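The values are calculated or read from the model by the stated rules, or taken from the named source; none is laboratory data. What you see is a predicted model; the values in this text were computed from it and never measured. All Cβ positions, even for glycine, are placed from backbone atoms using ideal geometry, and neighbour counts span all protein chains on display. Only protein heavy atoms, including side chains, enter the accessible area calculation; ligands, DNA and RNA are left aside. Shrake-Rupley method; radii C 1.70, N 1.55, O 1.52, S 1.80 Å.
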Amino acid sequence: MAKKQWSIPILGFVLFVLMGCKQEKKAELPHNETVPSSISYAKGFTVTKEGDITLIEVTAAWPGAKSFTYALVPKQKLASMTFPRDAYDAIIGTPVENIVLTSTTHMEPIIQLGELNAVVGFPNTDYISSPAARERVARGAIKDLGMNDRLNTEMVLELNPELIVGFSINEDNNAYDIMRRAGIPVVYNGDWVEQSPLGKAEWVKFFAPFFQKETLGDSIFTEIEASYRNAKELAQKATSKPTVLTGGLYKDVWYVAGGKSWMAQFLEDANADYLWANTAETGSIGLSLETVLAKAQNAEFWFNPSAQISYNELAQANTHHMEFDAFKNKKVYSNAIDKGEKGGLIFYETAPQHPDIVLKDLIKILHPALLPEHQLQFIKPLP
């Protein structure tokens, strides 16, 4: 009995020493400082740093999508690091040197970052309009990989890219599943879901960490942001607020931009009186021709009328188009006039990364005296 009582304090002393050693060892572990995300306008992703790891969380790859978290680690440190099982949706070594893109909106930020040479594949390359990218397509440096929802998986596997930047409208994409099972990381990009002009442009910060070019990405966006805000402030000096109609007929339904959409935000910032500004939709609103004619027949300006890019085409498509004042007064403007070599629309490939220029185009059209020297780049008058 005495022996047992003597062992209890000895055991307590040993445990105390062991706990002290353990606590001391824990205190000596390196502390990974977390740097919070610097994303200001985009709603669909964040970028944070935890020591050597850059975490990109995509919270809106498509409407209603779950969140995806990607860990970016410098290649020279990747082999020596361990990660909790299933902690991330993909782990990518940086800087990446060869990637596959799946949307034309991905092309411009890659060009801005000076990394076009890293692009090795794209689904349906005819959609690409950038002259520099088309040159790479022509000499086979960018391979045509079929269609986005039916990627040529054999070609992708042969290219063996370090990364696929995916575009999807839902979680069903068998080709992406095959790529992941083959060990090729798929990272979703949701720039198309953003509704604000600066929010879309800020996705350059999504691409920058993959190339270890965060500083350049920040610089690119800061310049765009300043230019956009200056143009917005200039628009407020206008002495008039012209009424505006958007969209056009497609199979007997007229689609106008919703009041919370990307286009509606541009029009608000350009100091226009958009006739559907008070609606809650973030996308398009389908209306009858009669409804649009009743509300917008006297609108001073009409932007982006479907696929028609001349007054003759508009008149031939539907004679009721000629009843709008904007048609009669030759104040119809389109973002579909300039096309790439293979017919791709330059606006949808390039404009999301240059919202300041789009806004200046609108200000030039709506309030020409405010920007007398500006030359229209994305939105132009119908011939």
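Here are the numbers:
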item	result
Residue that is buried (at least 22 other Cβ atoms within 10 Å of the Cβ) and closer than 28 Å to Lys339 by Cβ, where the choices are Gly114, Gly146, Gly121	Gly121
Matching entry among Ile169, Ile111 (being within 15 Å of the chain's Cα centre (by Cα) and free of Cβ contacts under 8 Å to residues at least 24 places away in the same chain)	Ile111
Filter result for Glu171 (under 19 Å from Gly44 (Cα atoms) and either in a helix (DSSP H, G or I) or in contact with a Cys (Cβ under 9 Å, 6 or more places away or on another chain) (or both))	no
Criterion violated by Lys213 - all others in (1) in contact with a strand residue (DSSP E or B) (Cβ under 6 Å, 6 or more places away or on another chain); (2) more than 22 Å from Lys330 (Cα to Cα); (3) among the charged types (D, E, K, R) satisfied	(1)
Tally, over the stretch 298-323, of residues that are over 22 Å from Tyr127 (Cα atoms), of a type outside the set (Ser, Thr, Tyr) and within 34 Å of the chain's Cα centre (by Cα)	9
Unmet requirement for Leu157, which otherwise passes all of (1) among the aliphatic types (A, V, I, L, M); (2) more than 19 Å from Pro209 (Cα to Cα); (3) crowded, with 18+ Cβ neighbours inside 10 Å	(3)
Residue tally, condition surrounded by 13 or more Cβ atoms within 10 Å (Cβ to Cβ) and in contact with a helix residue (DSSP H, G or I) (Cβ under 8 Å, 6 or more places away or on another chain), over the stretch 59-81	4
Unique match (being out of contact with any Phe, Trp or Tyr (no Cβ under 6 Å at 6 or more places or on another chain), crowded, with 21+ Cβ neighbours inside 10 Å, of a type in the set (D, E, K, R) and more than 23 Å from Thr243 (Cβ to Cβ)) among Glu349, Glu341	Glu349
Residue in the stretch 277-288 that is without any contact (Cβ under 8 Å) to a residue 24 or more places away in the chain and either in contact with a strand residue (DSSP E or B) (Cβ under 7 Å, 6 or more places away or on another chain) or open to solvent by less than 20 Å² (accessible area, probe 1.4 Å) (or both) present	yes
Near pairs, Cβ below 9 angstrom, 6+ apart or cross-chain, from the stretch 309-327 (without any contact (Cβ under 8 Å) to a residue 40 or more places away in the chain) to any residue that is acidic (Asp, Glu)	His320/Glu290; Asp325/Glu300
Residue in the stretch 199-221 that is polar (S, T, N, Q) and surrounded by 19 or more Cβ atoms within 10 Å (Cβ to Cβ) present	no
Failed condition for Glu225, given (1) buried (at least 22 other Cβ atoms within 10 Å of the Cβ); (2) farther than 18 Å from Phe303 by Cα; (3) acidic (Asp, Glu)	(1)
Residue list for the stretch 160-176, restricted to those being open to solvent by 30 Å² or more (accessible area, probe 1.4 Å) and under 19 Å from Ala60 (Cα atoms)	Phe167, Ile169, Asn170, Glu171, Asp172
When residues of the stretch 183-209 are limited to those that are in contact (Cβ under 8 Å) with a residue 40 or more places away in the chain and aliphatic (A, V, I, L, M), the one farthest from Ser37 (Cα to Cα)	Val186
Residue count, the stretch 77-99 (criterion: over 15 Å from Thr54 (Cα atoms) and charged (D, E, K, R))	3
Considering residues of the stretch 352-381 that are among the β-branched types (Val, Ile, Thr) and open to solvent by 10 Å² or more (accessible area, probe 1.4 Å) only, the residue nearest to Asp126 (Cα to Cα)	Ile357
Criterion violated by Pro84 - all others in (1) open to solvent by 50 Å² or more (accessible area, probe 1.4 Å); (2) in contact (Cβ under 8 Å) with a residue 40 or more places away in the chain satisfied	(2)
